[in-house]
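The values are calculated or read from the model by the stated rules, or taken from the named source; none is laboratory data. Source: prediction; values computed, not measured. No Cβ is skipped: glycine too gets one built from the backbone with ideal geometry, and neighbour counts run over all protein chains shown.
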Amino acid sequence: MKFLILLLAFSVAYGQLPFTCIHDNHDKRTTEHVIHMVLTDMDHDDDGKITAIEVMGTFIVDFDRNPLDQRIDHDEFVKRWEAHYRDIRHFATYLFLHLDTNNDHYITTADVSNILLDMDYDRDGTVTAMEFKEWLRDLYTNCRIHN
Ligand SMILES: [Ca+2]
Ligand SMILES: [Ca+2]
Ligand SMILES: [Ca+2]
């Protein structure tokens, strides 16, 4: 009950978009399975490092469909995330809300810079595959809601 109230409070804060931060998947894929899929998509050249261009390629170019405007709105993100990774829609909404780091209702290059900083745990200017997985695992297993 407490949790429901918490969720309700969050959805009001985010303009009525219902979401859940509890991972569930249509095909019963585990958290680790999905994380592995996302990493495989993200690390295009398979060198064990995640660059800004790769994050943009995956989170912006691959999701940017309708409208094609170099920014990803909630619908674009959730539709593809659910279809491709098979996570439930309300969990995809939670991911979108997190990835929209500046709360302007779109994922853009500005968010990519913030996301990369977030991923670079040891602050050495490089995001390794390990850091990327750690970041995503944290997102998948802990409720990471920002204001
Ligand atoms: Ca778009
Ligand atoms: Ca944004
Ligand atoms: Ca690093």
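Restricting to the range 75-89, name every residue that is assigned to a helix (DSSP H, G or I) and surrounded by fewer than 19 Cβ atoms within 10 Å (Cβ to Cβ). Talk me through it step by step, then tell me what you get.
Taking the range 75-89 as the starting set, the residues that turn out to be assigned to a helix (DSSP H, G or I) are 75-85, 89.
Answer for the range 75-89, where residues must be assigned to a helix (DSSP H, G or I) and surrounded by fewer than 19 Cβ atoms within 10 Å (Cβ to Cβ): 75, 79, 80, 82, 83, 84, 89.
Does any residue of the range 63-82 turn out to be among the β-branched types (Val, Ile, Thr), more than 24 Å from residue 127 (Cα to Cα) and in contact with an Asp or Glu (Cβ under 7 Å, 6 or more places away or on another chain)?
No, every residue in the range 63-82 fails to be among the β-branched types (Val, Ile, Thr), more than 24 Å from residue 127 (Cα to Cα) and in contact with an Asp or Glu (Cβ under 7 Å, 6 or more places away or on another chain).
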- [ ] Quickly run through the range 122-132 and pick out the residues that are surrounded by 15 or more Cβ atoms within 10 Å (Cβ to Cβ) and more than 12 Å from the chain's Cα centre (by Cα).
- [x] 127, 128, 129, 131
- [ ] Could you check how many residues of the range 122-147 are out of contact with any strand residue (DSSP E or B) (no Cβ under 6 Å at 6 or more places or on another chain) and part of a helix (DSSP H, G or I)?
- [x] 12
Open item on the list: Looking at residue 92 and the list (1) within 16 Å of ligand 1 (Cβ to nearest atom); (2) at pLDDT below 95; (3) surrounded by 13 or more Cβ atoms within 10 Å (Cβ to Cβ), which single condition is not satisfied?
Closed with: (2)
Open item on the list: Give all pairs with beta carbons closer than 6 Å in which a residue from the range 16-40 that is under 26 Å from residue 51 (Cα atoms) meets a residue that is not in a helix (DSSP H, G or I); count only pairs at least 6 apart in sequence or on separate chains.
Closed with: 31/23
Open item on the list: Please determine whether any residue of the range 111-121 is assigned to a loop (DSSP other than H, G, I, E, B), surrounded by 18 or more Cβ atoms within 10 Å (Cβ to Cβ) and either without any contact (Cβ under 8 Å) to a residue 40 or more places away in the chain or hydroxyl-bearing (Ser, Thr, Tyr) (or both).
Closed with: no
